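Engineer: Dropping the structure in here first, questions after.
The values are calculated or read from the model by the stated rules, or taken from the named source; none is laboratory data. Values in this document were obtained by computation on a predicted structure and should not be read as measured data. Cβ atoms come from the backbone with ideal geometry, glycine included; neighbour counts cover every protein chain shown. The protein model used for the area step is the full one, side chains on, heavy atoms only, and it has no ligands, DNA or RNA in it. Shrake-Rupley method; radii C 1.70, N 1.55, O 1.52, S 1.80 Å.
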Amino acid sequence: MPSGKGSKLLRYIEHRLRVSLTDNRTIVGTFLAFDKHLNLVLVDTEEFRTLRSKKGAGSANVIEERMEKRSLGLIILRGENVVSIAVEGPPPPSNGGRVVAGGPGVVKGVGRGAPPPTNAVGVAPMGMGAPMGLGAAPVHGVGGMAPPPMGGPPPGMGRGMPPPAMGRGF
């Protein structure tokens, strides 16, 4: 098993992480993905900043620190700004192995190898399936190779052949 940074980070997918940034902010969120630049994708994210302000008059200066919290949601953190990563907690109990629930709708495969969708009667809707009169089976004379156009090059002179009297040096 490779021992690169990628394989170590893979164990923490869907864990709750605390990420320290270069500008002294701290981000806490659920880890979804990363890339080769160590950019991180986090969901349900909160940002914490420590704000320092001087209060007082004259020689009795007091520095007051307060923690400011902000909800961010889904974010991408540039790997260049990450200083450290710490695990806050384990992944949530799985309800099917996904953090984000799927949306409404039904998935139906259409294309090669899958039959076209049909209505309640079992007939393909207008605009779907084979053109009118052709049915689903191949028809003689439809498709395949076309005969060469009239006035085309003579046999034996296909692509890559120079035209007559070219390249002889006359």
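Engineer: Working only within the range 34-70, note down all residues that are open to solvent by 80 Å² or more (accessible area, probe 1.4 Å) and within 27 Å of Arg11 (Cα to Cα).
Structural biologist: Correct list: Lys36, His37, Asp44.
Engineer: Of everything in the range 71-89, what is assigned to a strand (DSSP E or B), farther than 21 Å from Arg11 by Cβ and open to solvent by 70 Å² or more (accessible area, probe 1.4 Å)? Give them in sequence order.
Structural biologist: Residues satisfying the conditions are Ser71, Leu74.
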